[in-house]
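Shown next, in structure tokens, is the structure this report addresses.
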Amino acid sequence: MFKFLAPIVLLLAFPFPGHSQTDAAAPATGDAQASAPPNIVMIISDDHAWTDYGFMGHPIVATPHLDKLAAQSLTFKKGYVPSSLCCPSLASVITGKYPHQHKITGNDPQVDAGASEGRPKLKNPAFAAGRDRMKALIRATPTLPRILHEHAGYDCLQTGKWWLGSFADGGFTEGMTAGDPSHGGRHGDAGLEIGRKGLAPIQDFIHRSTSAKKPFMVWYAPLMPHDPHTPPEEILAKYRGKTDSIHIARYLAMVEWFDQTCGDLLGILDQEKIADNTIVVYFADNGWIQSPDNSRFAPKSKQSPYDGGLRTPLLIRWPAKIKPLLSDRPASTVDLLPTLLRACNLPVPNDCPGINLLDPVALAAQDTVQGACFDHDMVNLDAPAQSLKWRWCRQGDFKLILPSPRVPDALPELYNLALDPLELANIAAGDPPKVKALMGHLNTWWTPN
């Protein structure tokens, strides 16, 4: 059931071959704290474009706290989620598996044709039964918090976005999400208050766990910068004159507001004097390109196979053990579960395909990341291929998007991301050997039945 990846190689003195060092390492902590199990804080933004950070080069948006975190972290600018939709993306993080493995490929189960977006799906018996199946799948899986608690006694707190029932269904020991539809929603209920209404539940949890000298995990996945885009006016005022679109201004203000909450959370670790032996992980659950004309997302972002939906910076900070580095290797959020478990000297489930990102040998060997995008509403929980729309992979500068036969008239798409980061020029017709090679990689990874 479990496997051990290669032993963790601590990045104390040197960057990976071919990678640039971006900062000096933070000083090591005292022996007592350094030998204690590390705490884990996962910060997950929601509907956030990979370009929209100061450290990623955005010309307008202010993200000083995430910029500082990136400078202190092992930073992957070529990070990816396997699927560009909230629920399957988050399920992949917490299980360490691809959507076709954990089978939660969409946000919702499919119901009868009359149940449109405007109809209350939660009252539909077929929809409710499908959500019960989703919860049962996650309860039967050795999730990250479940393994941490059962194998190492961690306290594990869920806050924010959470699609899969109650916090207990995911293996958390505490949480804000009850998972009861009567509490208002299918993807977080009371948990969605975190960030927008402060961080008191997290601060209280961290203080209690620290006082009890227990290792902990925090899942901070606020509904930010996700719509509704309702930033404080004092932040919005900064952006009103910097864009012709009030919708873009509101979105960028939401990004800055989210960044402020990250600063508050990192400040709690400093106040408790536990930052050195706390692993902080950051990524976005999927991308978002704000439409200038309305409050919806633009094409080639959320729910798409393009980098606007799939790419995210991925940061890992652990001052006691990791020297800050900028890595040019590709990384996937599927890699986070094995990375964090090995950092805690815990076994990794045998069916988790990711690598330990703190092992430079494994990282140097990983030249390709891949995933798949599916229907928002899952056709059949037992047959992921029935909901498949695209498979995709990135190898070096090249990215292949391979449509499912279910997508009418669609052809393979190949992009050179070094020359065409916005994926505007499909060069598949001009490079059949590269298409064939990447198609072979995808078929080896997963051939849908």
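What follows is calculated from the coordinates using simple rules that are stated; it is not laboratory data. None of the values given here were measured: they were computed from a predicted structure. Reconstructed Cβ throughout: ideal geometry from the backbone, glycine too, with neighbour counts over all protein chains shown.
Sequentially through segment 188-203, phi angles give Karplus couplings (6.51, -1.76, 1.60; θ = phi - 60°) of x, 5, 4, x, 6, 6, 4, x, 5, 10, x, 10, 3, x, 6, 4 Hz, Gly and Pro residues having no value and appearing as x.
Between residue 140 and residue 291, the contour length at 0.36 nm per residue exceeds the alpha carbon distance by 50.4 nm. Give the residue from 349, 378, 368 lying farthest towards the positive end of the charge dipole for the chain; charges sit on Cβ (+1 for Lys and Arg, -1 for Asp and Glu) and the dipole is referred to the Cα centre. Value: 349.
Between the C-alpha center of segment 392-417 and that of segment 235-249 there is a gap of 34 Å. Among 133, 406, 329, determine the one that fluctuates most according to a GNM of the chain built with springs between C-alpha atoms less than 10 Å apart. Of the options given, 406 has the highest mean-square fluctuation. Coupling constants for segment 408-419 follow from the phi torsions by the Karplus curve (6.51 cos²θ - 1.76 cosθ + 1.60, θ = phi - 60°), and in residue order they are x, 6, 7, 10, x, 10, 10, 10, 9, 5, 5, 9 Hz; glycine and proline get x. Between segment 333-382 and segment 257-328, the alpha-carbon centres lie 18 Å apart.
What 222 nm value per residue comes from the helices of the chain, counting each DSSP H run with n ≥ 4 as -39,500 (n - 2.57) and dividing by all residues, nearest 500 deg cm²/dmol? Could you put the intermediate results ahead of the total?
On the way: 13 runs with 129 residues, N = 449.
That comes out to -8500 deg cm²/dmol.
Dipole orientation for the chain: of the candidates 324, 267, 249, 324 has the Cα lying most toward the positive pole (charges on Cβ; Lys, Arg +1; Asp, Glu -1).
Extending 7 Å from the Cα toward the beta-carbon at both residue 424 and residue 211 defines two label points whose distance is 5.7 nm.
What size of dipole, in debye to the nearest 20, comes out for segment 356-449 about its Cα centre when the only charges are +1 on Lys and Arg C-beta atoms and -1 on Asp and Glu C-beta atoms?
Details: 7 positive and 11 negative charges, 40 e Å.
Using only the charged Cβ atoms, the result is roughly 200 debye.
When the Gaussian network model of the chain links Cα atoms closer than 10 Å, the mean-square fluctuations of 433, 330, 38 top out at 433.
Can you pull out the trypsin sites (Lys or Arg not before Pro) in segment 193-244 whose DSSP state is coil and whose Cβ has at most 16 other Cβ atoms within 10 Å?
Numbers: sites: 196, 197, 208, 213, 238, 240, 242; in loops: 196, 197, 213, 242.
Hits after loop and neighbour filter: 197, 213, 242.
For the listed residue pairs 77/321; 161/389; 103/389; 97/135; 68/323, the alpha carbons are over 18 angstrom apart in 77/321; 161/389.
Each listed q (0.07 Å⁻¹) maps to a log10 I(q)/I(0) for the chain from the Debye sum over equal C-alpha point scatterers, namely -0.32. Placing unit charges on the Cβ atoms of the charged side chains and taking the dipole of the chain about its Cα centre, the candidate lying farthest along the positive direction among 210, 339, 81 is 339.
About the Cα centre of the chain, how large is the charge dipole given +1 on each Lys and Arg Cβ and -1 on each Asp and Glu Cβ? Please answer in debye to the nearest 20. Intermediate results must be reported in sequence, preceding the final value.
On the way: 42 positive and 45 negative charges, 126 e Å.
So the dipole magnitude of the chain works out to roughly 600 debye.
Grab the Cα-Cα distance for residue 271 and residue 238, subtract it from 0.36 nm times how many residues apart they are, and report the gain in nm with one decimal.
Numbers: separation 33, 0.36 × 33 = 11.88 nm, distance 2.97 nm.
Stretched fully, the residue 271-residue 238 segment lengthens by 8.9 nm.
Can you compute the label reach from residue 203? Point 7 Å from Cα along the Cβ direction, backbone N cut-off under 19 Å, restricted to segment 266-310. Only 266-275 pass the distance filter.
Taking the Cα centre of segment 139-207 as origin, sum charge times position over the Cβ atoms of Lys and Arg (+1) and Asp and Glu (-1), and report the length of that vector in debye to the nearest 20. Working shown, then result.
Values: 6 positive and 8 negative charges, 52 e Å.
The calculation lands at about 240 debye.
Just checking the listed ones, 194, 94, 246: in the Gaussian network model of the chain with Cα springs under 10 Å, the one fluctuating most is 246.
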